[in-house]
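Working notes, beginning with the structure itself.
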Amino acid sequence: QPQLVESGGGLVQPGGSLRLSCATSGFTLDYYAIGWFRQAPGKEREGVSCISRSGTNYADSVKGRFTISRDNAKNTVYLQMSSLKPEDTGVYYCAADMSTLPCTWYWYDYWGQGTQVTVSS
């Protein structure tokens, strides 16, 4: 069964950097799209970035600040976050969708349990 585990969250000051990891198992990463989502308390979950064999995609709010990458040999996807803002605060989730097409955030079948990111002074 496909499984995903997020790690790397924590408390960081505005303008700082953080790298999140999504460790996957139970499937071949190269055949799947992996999306990063985030959700703040009382707010709707939103797509942040995604990666598939066909490329990457970013929400407008994080373009130029976040970078998504994958290491197929390690079955791991990363989200490098820089120039962090308080509005980046939330629980970050990774999710998997069996697709090699250009990715979006519309539907994913498998989800991790999330990691908390807090951007505050």
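The values are calculated or read from the model by the stated rules, or taken from the named source; none is laboratory data. Not measured: the values here are computed from a predicted model. Surface accessibility is based on the protein's heavy atoms, side chains included, excluding ligands, DNA and RNA. Shrake-Rupley method; radii C 1.70, N 1.55, O 1.52, S 1.80 Å.
Below, the figures for the structure above:
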quantity	calculated
Accessible surface, the chain, averaged per residue in Å² (probe 1.4 Å)	53
Accessible area of the chain belonging to carbon and sulfur atoms, whole % at 1.4 Å probe	47
